[in-house]
Amino acid sequence: MTDAARSSRRGRIAVLCWLAALLLGAVVIAHTRISTDLSAFLPAAPDARQHALVEQLKSGIAARTLLVAISGGDAYDEQIAAVSSTGGSTEEVFFELALADLGDATDLFKGVHERTAGVDGYCSLEVSPKLADETQATIEQAADLHGRAKRNNLLIKIPGTKAGLPAIEETIFAGIPVNVTLLFSREHHLAAADAYMKGIERRIEAGLDPDVASVASIFMSRWDVAVTGEVPDELHNRLGLAIGFRTYAAYRELLDSPRVQRLMNEGARPQRLLWASTGTKDPNASDVLYIEGFASPFTVNTMPEPTLHAFADHGEVGDPVPADGGDCEAVLAEFAAAGIDVDALAERLQEEGKAAFVKSWNDMLESIESKRGALTG
């Protein structure tokens, strides 16, 4: 790799850490207000900025922003040309780029990961969204990607679809940390947690170390978008919070269950609940609606850049989410009375999310293919 390429790659890592941490990175805010304006780190030298972000965004970053980075600009052109010369598929070119950058990113978070004894400091890389309905192919790709990365603090993202659930169990059994994505409801979360625990139980039975990390990412803001214009004004922007509160109550009940406590006694850790898609879509609603609303112990919150800055500027954390879900069931009963079938809507949202992930993936692959043609003649 040339000096220019190394410099470009260091710059990309700075940008990747900044963008991914802000757009998809996890920030734990259980009882603590985030008061630091992270824009203050932008003028710093790349290395200083990276380490400042590591300290502020302790739970890590995800790689989906890489799809956007590759699709525009020329920062990856030299690497695309080099990888393309080996004759691999366009998807393989992406994974080579992603693994190289995430190798550097996981190294940045290595100190956090070690200092927290493996609780925080993770980065995430997703399997191909095209595999959402293919169990065995997902298992194989998850193992391949994690094996090639050779990083203990890399989570492999697997969707919590019907085909994804057995893949999650098998991947956890193999000792590979998993970020379960595309969850939208209490039922989705409990299914993901069950798959995780089955994998851990099999490890214990086989005499293997049960300490394998996992998070379950539940997508929130899309609920309120889905019912816009279909419910009375008094229910506007309340469905996402109610679904989240219901899910959190189930999560807390699960943490107190004999099954989880048995696993913890064997040395396992509970799968953590992660709030995803927390940027407010309604311009007339609070821009920190899903940050203030979901502040809760034992969880992780992800947020897009404008939401992160908004929370740093004027966000407040009051009482945490009630462990019993508060009045969520009464609120959900109002939605049912208004004609909203939340179970059917959860399934629809998962299918729509799956399709959206595939589209963005295909768009990125088309961009790489176009660049390959231009760069290799």
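The values are calculated or read from the model by the stated rules, or taken from the named source; none is laboratory data. These figures come from a predicted structure and were not determined experimentally. Cβ coordinates were reconstructed from backbone atoms using ideal geometry, including for glycine residues, and neighbour counts include every protein chain displayed.
Couple of notes before you dig in:
- The C-beta contact set for the stretch 73-84 (first residue touching a residue at least 60 places away in the same chain (Cβ under 8 Å) and under 14 Å from Ala98 (Cβ atoms), second residue hydroxyl-bearing (Ser, Thr, Tyr) and in a helix (DSSP H, G or I), distance under 8 angstrom, 6+ apart or interchain) comprises Ala75/Ser8.
- When Ala167, Ala142, Ala132 are checked against the criterion of being surrounded by 22 or more Cβ atoms within 10 Å (Cβ to Cβ), touching a Gly at 6+ places or on another chain (Cβ under 7 Å) and at pLDDT 90 or above, Ala132 stands alone in meeting it.
- Of the residues making up the stretch 236-245, none is in a loop (DSSP other than H, G, I, E, B) and either at pLDDT below 95 or closer than 20 Å to Ala191 by Cβ (or both).
- Contacts under 6 angstrom Cβ, first residue in the stretch 145-161 being under 16 Å from Ser128 (Cα atoms), partner of a type in the set (Phe, Trp, Tyr), 6 or more apart: Leu155/Tyr122
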